[in-house]
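Take a look at the structure below.
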Amino acid sequence: MNRYLITGATGFIGTHLTEMLVARGKTVRCLIRETSDTSLLENLDIDFVKGSLDDRRFLSESVRGVDVVIHLAGRTNAFTLGDLLEVNRDGTYYLAEACASQARPPVLIVVSSIAAAGPVARNQVRMEYDNPRPVSNYGFSKRAGECAALLFANQVATSIVRPGMVFGERNTEMFPIFQSMAVMGSHLVLGPATPRVSLIHVADLCELLVRVAERGQRIIVDDKLQAVSGDGIYFGVCDEAPSYARLGSILKRVIGKRGARQATLPNPMTWLLGVIFELVTRVLGSKVTLNLDKIREAQCESWECSVENVINDLEYEFPIRLKARLEQTYKWYRSNEWLR
């Protein structure tokens, strides 16, 4: 499998994945929007195709002749569920439909989220075969995208990868956690019962995506177009799941903040903060960073997920421990002057 199409290629994960594939001698086609910033990819030997996920003819032409489609494009935040579904569900449907229309359909790797699977009770682990129970609008929209792809799974060899919190070089979403610890010496915990969190470094996630494409299992659906087992579903998480408070303790050692504090925000204040952030972003029309949807996810007991399929199917055991990956990320922030 040497010819890849990547959607969302200019995003955080997409740029890392494109770099990895090119370094391995793969032919890469990147589906991007007209307004996408391609500066990180301009020096790579790749093809750009510019268009939209709602343009069916464009998608059909874009997937022609490739062996693998890795679908990274998606919306992570929005004010309404409808806005999320427009991209995460409908865009996935149109892309899977385009794959199915080919004489030789490519393998389709749908990059979803652990939010689509939903949380579990404390001291339990979400397994690949468990019925999804999302709790947030984002989770519902990503699960809807999975279901859209399953409609074509009898025609298109399909696998689903559900990443946890992805961090690493160039990442902006987890950067505030590093920044808070480095600058203010504090780690903010939303609510008294900190959930276990599932994380993965971007290099590990990209390796998993390539392995899923090349040797992963494919989803089998029944006559109701429902997945019949956990085969073909992979949680993109490392094999360590610290509590959110424990994550702060690890970062404290990584950054060398001996006097760092944990700031715990009571539940009522957490929900109030979510309301305030959502109102402010709605008024200003700015990007949603913290809203009620994110608070719902933060209040759950655990997001610990299984790596059984990753180990058994992909023969991947994480070569670098979580603390070392966090150190690697912190050093990048320092060397690139994101932190001083």
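The values are calculated or read from the model by the stated rules, or taken from the named source; none is laboratory data. These numbers were taken from a predicted model, which means no experiment stands behind them. Using ideal geometry, Cβ is built from the backbone for each residue, glycine included, and neighbour counts are taken over all protein chains shown.
Evaluating residue 3 against the criteria (1) within 22 Å of residue 212 (Cβ to Cβ); (2) among the charged types (D, E, K, R); (3) touching a Cys at 6+ places or on another chain (Cβ under 8 Å) leaves one unmet condition, (3).
Restricting the first member to region 164-180 and to residues that are free of Cβ contacts under 8 Å to residues at least 24 places away in the same chain, and the second to residues that are surrounded by fewer than 18 Cβ atoms within 10 Å (Cβ to Cβ) and not hydrophobic (A, V, I, L, M, F, W, C), the beta-carbon pairs closer than 8 Å and six or more apart or on different chains are 180/186. Selection within region 303-340: residues that are hydrophobic (A, V, I, L, M, F, W, C) and part of a loop (DSSP other than H, G, I, E, B). The member of this set that is modelled with the lowest pLDDT is 339. If you go through region 121-170 and keep only what is charged (D, E, K, R), crowded, with 17+ Cβ neighbours inside 10 Å and closer than 20 Å to residue 225 by Cα, you end up with 128, 142, 143, 146, 162.
For region 24-58, the set of residues classified as hydrophobic (A, V, I, L, M, F, W, C), within 25 Å of residue 203 (Cα to Cα) and under 22 Å from the mean Cα position of the chain (by Cα) consists of 28, 30, 31, 32, 40, 41, listed by residue number. Within the bounds of region 124-144, is there any residue that is in contact (Cβ under 8 Å) with a residue 24 or more places away in the chain, in contact with a Pro (Cβ under 6 Å, 6 or more places away or on another chain) and at negative phi? So far as region 124-144 goes, yes, one or more of its residues are in contact (Cβ under 8 Å) with a residue 24 or more places away in the chain, in contact with a Pro (Cβ under 6 Å, 6 or more places away or on another chain) and at negative phi.
Of the residues making up region 194-222, those that are small (Gly, Ala, Ser) and touching a strand residue (DSSP E or B) at 6+ places or on another chain (Cβ under 9 Å) are 198, 213, 216. So which residues in region 171-200 are of a type outside the set (Val, Ile, Thr), surrounded by fewer than 21 Cβ atoms within 10 Å (Cβ to Cβ) and closer than 22 Å to residue 15 by Cα, if there are any at all? Selection gives 171, 173, 174, 175, 176. Looking across region 307-340 at every residue that is among the β-branched types (Val, Ile, Thr) and under 20 Å from residue 247 (Cα atoms), the one that is farthest from the chain's Cα centre (by Cα) is identified as 320.
Out of region 213-270, which residues are in contact (Cβ under 8 Å) with a residue 60 or more places away in the chain and aromatic (Phe, Trp, Tyr)? Residues satisfying the conditions are 234, 235.
Just so you know, in region 50-62 the residues that are outside any loop (DSSP other than H, G, I, E, B) and without any contact (Cβ under 8 Å) to a residue 40 or more places away in the chain include one that is nearest to residue 212 (Cα to Cα), and it is 59.
Of all the listed residues (91, 65, 82), the sole one being over 19 Å from the mean Cα position of the chain (by Cα), outside any loop (DSSP other than H, G, I, E, B) and not polar (S, T, N, Q) is 82. Please state which one of 251, 279, 247 is assigned to a helix (DSSP H, G or I), closer than 30 Å to residue 109 by Cβ and at pLDDT 70 or above. When all the criteria are applied, what remains is 247.
Residue by residue, here is whether (1) under 17 Å from the mean Cα position of the chain (by Cα); (2) in a loop (DSSP other than H, G, I, E, B); (3) among the polar types (S, T, N, Q) holds:
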position: 124; (1), (2), (3): no, yes, yes
position: 140; (1), (2), (3): yes, no, no
position: 145; (1), (2), (3): yes, no, no
position: 154; (1), (2), (3): no, yes, yes
position: 172; (1), (2), (3): yes, yes, yes
position: 176; (1), (2), (3): no, no, no
position: 181; (1), (2), (3): no, no, no
position: 194; (1), (2), (3): no, yes, yes
position: 208; (1), (2), (3): yes, no, no
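Checking each residue in region 1-35 for being closer than 21 Å to residue 168 by Cα and assigned to a loop (DSSP other than H, G, I, E, B) picks out 8, 9, 10, 11, 24. For region 63-86, residues that are touching a residue at least 40 places away in the same chain (Cβ under 8 Å), out of contact with any strand residue (DSSP E or B) (no Cβ under 7 Å at 6 or more places or on another chain) and not hydroxyl-bearing (Ser, Thr, Tyr) total 8.
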